[in-house]
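Undergrad: One structure, as structure tokens, below. Some questions next.
Bear in mind these aren't lab numbers, they're just calculated from the coordinates by the rules spelled out. Since this is a predicted model, take the numbers as computed values, not measurements. Using ideal geometry, Cβ is built from the backbone for each residue, glycine included, and neighbour counts are taken over all protein chains shown.
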Amino acid sequence: MEVREQFGDEVQIIGIPGLSSDEGAMLEFVESTGSDGIPHILDMSGELWARFGVTQQRTYVYVNNDGEQRIAGYGSLPADVEDLIAR
């Protein structure tokens, strides 16, 4: 995955597929997007999405070491990660 190669150990990326009652479909989606090389937490109920203020697919939440959250989305993941880290 490009972001992992670019940022290495600087950033821990965790995918959270959610809002589906079909675990198999979520896992297929993860594999089809090529993001199966990062850890994922299935969020069947949407509880994690709600906790982080995620309202749509392809939203990125950056949580820094102090617990501060920044949200971005619908750009490219590498560009959004760079932007979120720089703020």
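Undergrad: Could you give the length gained on full extension between GLN56 and PHE7, defined as 0.36 nm per residue of separation minus the Cα-Cα distance, in nm?
TA: 15.2 nm
Undergrad: Specify the angular offset, from 0 to 90 degrees and rounded to the nearest 10, of the alpha carbon long axis of helix 77-86 from the longest principal axis of the alpha carbons in the chain.
TA: 40
Undergrad: Please give the net charge around PHE29, taking every other residue with its beta carbon less than 12 angstrom from that of PHE29, where Lys and Arg add +1 and Asp and Glu add -1.
TA: -4
Undergrad: Relative to a virtual label point 7 Å from the Cα of ALA86 in the Cα→beta-carbon direction, which members of the stretch 1-38 show backbone nitrogen distances below 20 Å?
TA: Those under the cut-off are 2-12.
Undergrad: By how many degrees, 0 to 90 and rounded to 10, does the Cα axis of helix 23-32 deviate from the longest principal axis of the chain?
TA: Helix 23-32 sits at roughly 50 degrees to that axis.
Undergrad: Summing -39500 (n - 2.57) over the DSSP H runs of n ≥ 4 in the chain and dividing by its residue number, what mean residue ellipticity at 222 nm do you reach, to the nearest 500 deg cm²/dmol?
TA: -9500 deg cm²/dmol
Undergrad: Principal axis extents for the chain, Cα atoms only, whole Å, descending order, please.
TA: Principal-axis extents of the Cα atoms in the chain, largest first: 36, 26, 21 Å.
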